[in-house]
Structure formats: structure tokens, C-alpha cells
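Working notes for the structure below.
The values are calculated or read from the model by the stated rules, or taken from the named source; none is laboratory data. Please read these numbers as outputs of a predicted model, since none were measured by experiment. Cβ placement follows ideal geometry from the backbone for every residue including glycine, while neighbour counts extend to all protein chains displayed. Heavy atoms of the whole protein, side chains included, go into the accessibility calculation; ligands, DNA and RNA do not. Shrake-Rupley method; radii C 1.70, N 1.55, O 1.52, S 1.80 Å.
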Amino acid sequence: MVPFAAAVVAGLVLLWPGAPGTHERTGVGFDRQTVSGKVTGIEHVGCNDAAGGGGSGQGSGGSDPDDPSSGGTGTTAPGGAGASTSSGGAADAGTGAGADGGTGGGADAGTGAGAGGALGEHAAGVCEQATVEVTEGKDKGHRYPELIRPDASRRLHAGEKVVLAYAPDAPRQLQYSVTDVGRTPPMVLLAAVFALVVVAVGRLRGLMALVALAVSFLVLTFFILPAILEGSNPLVVAVVGASAIMLIALYLCHGLSARTSVAVLGTLTSLLLIGVLGSLFIGWAALTGNTDDNTGLIHGLYPHIDMSGLLLAGVLIGSLGVLDDVTVTQTSAVWELHQADPGMTRRALYRAGLRIGRDHIASVVNTLVLAYAGAALPLLLLFSLARSDVGSVATSELVSEEIVRTLVGSIGLVASVPVTTALATLVVSADRVPHPPSPGTQGVPSRPEMPGPAPMGRLLKGGGRRRKR
């Protein structure tokens, strides 16, 4: 493992990204300025009066007028023109659905229904108007009205902390809009409960698992993502980063031992198989990796990034966590079987370990498929609403991407069981435990005389003292 670890370190040194350069924000999606804010009050107003009176009401989930990738309701400019802030509008779409459009159009939908076009629908309705205060930045203390339509998916509450999108080039009354809500307290509490449960159950091993998780996050944040943005090959970066995460996590959690090294070798072999199969089928199926708003935005902002390579890198990193689980479990199973019966032959040991692995395969493959299906559930729901046939859905690029991701990862997981079992059997069988010398050899007395109770045979044959009658 020393040469492999040295190669990983060399890869980290060669591909390590330099200092990030200056980046001018585009104001699209996540690439925009945000500040914190607070809702100071809520009042009910007539939707018709609020929209027709030339007010500047921003939707509760919207953002700046030039951001078609943000979700929620849009911005009502003076005069009732709809802003392109739909949930589902692509980065390069001219205008998406407006404040009352619900869900917006994608890259093929050039224009959507603006707020002005839906005034008749909500003319008799009652809207909420939130007073939002900017709590940081140069405009700290500035307040503005935020209009919330009746069909908005997010409702604001007095005293609630919010995230505001800031568009410095927009008119004064449209520079700020609510784009999200503050979630710091529940997220911190959930993370604390997770850490507590892991340490309480796993004790020292659980603590080491948390440290390994933090290291994995650091490698992902400070190496993999910046290196890809800098223009390095996403596949090479993913292989080096995943190898570093694998080495650090496994040896930190399970210690420096032959057992851990076998798990590392089994994981590495399966990762190579996933990389080869993924590269083959992504190219054969002509998957571009540019299938949704996020990837479209990345491609628009950083056209030099290889999106198909980014897709393959995601497959590798996504499969790594489950691979670690399988390989460590199989290695431990073979070691425990050998300790229980040191005289077991290699063939018998391999078969016994493989029987355990088969039970693991069924649950792990099902877990991986359901995990990907759960992530793509909104997409599958859209296809169901469109009443598309199964063949058309399965061969569309959106679903084909998930199918390739799932099946390639599952093949690697299944292959890791026999590979890791074979490696563990070879290593553990080579460590033969010396048996004690047979009785009567090398001048050792066959049965040393030791004081103790009489043998059971003598007692049964009438040996020993008899009681007097």
C-alpha cells in the first residue's frame, strides 16, 4: 500500500488548485450576492390593489429579475410585469414563469406567464405583504415590502430570519428580494444529535468516524471542487480525491492492519471497475451530463468543464461510501471465520465468506437503487403526469443518466464481494498459526503429572476410595 499512498500524495500535489482568482458574480442562481434579513411584520392586502398600484412586491421564494433558476414566486415590478424567477427555468432561458406561474418553463420555454397576466385570477384574492429588514451590509436597517401571493409555496412569519438576494444594478425598490429562509438552528441541532448518537453507540470508533467524515468534507471542499473549477480533468480529480478519502477514512477508523489494507485493495479494485464501465457506457449512450438547471448553469458559467467527466466523477464519489461498507464487512467476516476455525482450508473459507457476502449484496443493491430513485422522484413524477411510455422515459437522457449511474455503481458493489473475499482469504490463510508439538516428541513428557481431581474414567470404573458400609 505504500506505493499507492505515495501516488495519491503525488496526485494531490500535482493537481492541488491554486489561490482562487477574482470572480465577478453573474447574479444567476447561487452565483449572486446574498445578505441576511428579518421579517418584521405581516399584513393582509388585496392582491389587485398591491399589483395594480405600482408597488414593488417580491415573491417569497423569488430572487432578482434576471435569475431564472431560482425557485418560488417572482418579482412584481411597477406596472405588473412578471419577472423570470420560476422554479425549473433553465439558466439560458429568456424568461420563465412569473410570480403566479407556479412552475416555470425549462430551456425550451422561451416565455412564461407573468404576474400581470394572472392579475385576473387573484383580483379577488387576499395577499400577504411582509415587511423585511436588511440586517447586514451597507443597507443595514433598510426595510422594504415583500408581496406573498396566495399560491406561493413558502409563507413568511413575523420574526423569521430570511436570506435576501441583492442585485446592486437593479432599481432601488427591486434590489432586495427574499430567496430563502434561515435554517441554521435546526441544522446545527440535527448535526449535534447525529454526532451524539454516533459517539454514544460507536464510542472511540464512532469518534474516529466523525473525524474521517470531517476530513472527507475538507478534501471535497478544498481539493475536488476547486480543482474541477480550475479546469483539471474531473475524472482524474475524482480518482485522486476518492483515493485520498478512502485511505484516510479506512485507516483512521479501522487502524493500520492487514485487514484494513485488504479492504482498501478491494475498494480500489471496485472503483477501477466502476470507472471503466462508467466511461464506456456514458460515452456509448452519448450522455452529456448537462440535463438540468444546475448543470446548465455550471456549463454557462464555466464552459471549459467537461460535463460528461463531471458525471462520471459523481458516479465514483457516490459509490465510494457504499463500497467502503461492503469491503470492510467482507474482510471482517473472513477474518472472524478464520479465527473461529484456523484449520479451515482456503476453499472452504472463501465459500463461507461468499455466503455472507451474498446476503449483503441483496440489501446493498436495493439500497443504492432506492437512493437514486428517491433523489429523482420529482423527475419520475413529471414523467408520470405526462403519461409517457416506459421506453421513452427510460431512454430519455434525464432518466438514462440515473440508470447508468445506478447500474454501474451496483455492478461495482456486486463485484467487490468476491474480489474482497478472495483477497482476504489469501492474506488470512498465509498467516498460519503454529500448532503445538505432538505428545511424546522432542523429549517432552506425554502427560505431565499435575495435581487435580481424578479423571472421570477412573471414577466410573470404580477407582478411588469407596465408602465404608
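Data overview
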quantity	calculated
Unique match (being surrounded by fewer than 19 Cβ atoms within 10 Å (Cβ to Cβ) and in a loop (DSSP other than H, G, I, E, B)) among Ala200, Ala286	Ala286
Some residue of the range 224-241 being part of a loop (DSSP other than H, G, I, E, B), loosely packed, with under 15 Cβ neighbours inside 10 Å, in contact with a strand residue (DSSP E or B) (Cβ under 6 Å, 6 or more places away or on another chain) and in contact (Cβ under 8 Å) with a residue 24 or more places away in the chain	no
Contacts under 6 angstrom Cβ, first residue in the range 371-396 being of a type in the set (Val, Ile, Thr), partner open to solvent by less than 70 Å² (accessible area, probe 1.4 Å) and in a helix (DSSP H, G or I), 6 or more apart	Val393/Phe383; Val393/Val399
Restricting the range 150-178 to residues that are open to solvent by less than 20 Å² (accessible area, probe 1.4 Å) and in contact with a strand residue (DSSP E or B) (Cβ under 6 Å, 6 or more places away or on another chain), the residue that is nearest to Val211 (Cα to Cα)	Val162
Among the candidates Val240, Val162, Val197, Val211, residue that is closer than 30 Å to Gly46 by Cβ, modelled with pLDDT of 90 or more and over 17 Å from the mean Cα position of the chain (by Cα)	Val162
Condition check for Gly231: over 23 Å from Glu402 (Cβ atoms), over 21 Å from the mean Cα position of the chain (by Cα) and not charged (D, E, K, R)	yes
Among residues of the range 168-183, those that are in a loop (DSSP other than H, G, I, E, B), under 31 Å from the mean Cα position of the chain (by Cα) and either within 19 Å of Cys127 (Cα to Cα) or not basic (Lys, Arg) (or both), counted	1
Helices (runs of 4 or more DSSP H) completely within the range 315-432 that count 3 or more residues being closer than 23 Å to Ile245 by Cα and open to solvent by 30 Å² or more (accessible area, probe 1.4 Å)	346-375, 397-430
Positions within the range 251-262 being modelled with pLDDT of 90 or more and of a type in the set (A, V, I, L, M, F, W, C), in sequence order	Val262
Single residue of Leu207, Leu189, Leu250 found to be under 19 Å from Val328 (Cα atoms) and open to solvent by 50 Å² or more (accessible area, probe 1.4 Å)	Leu207
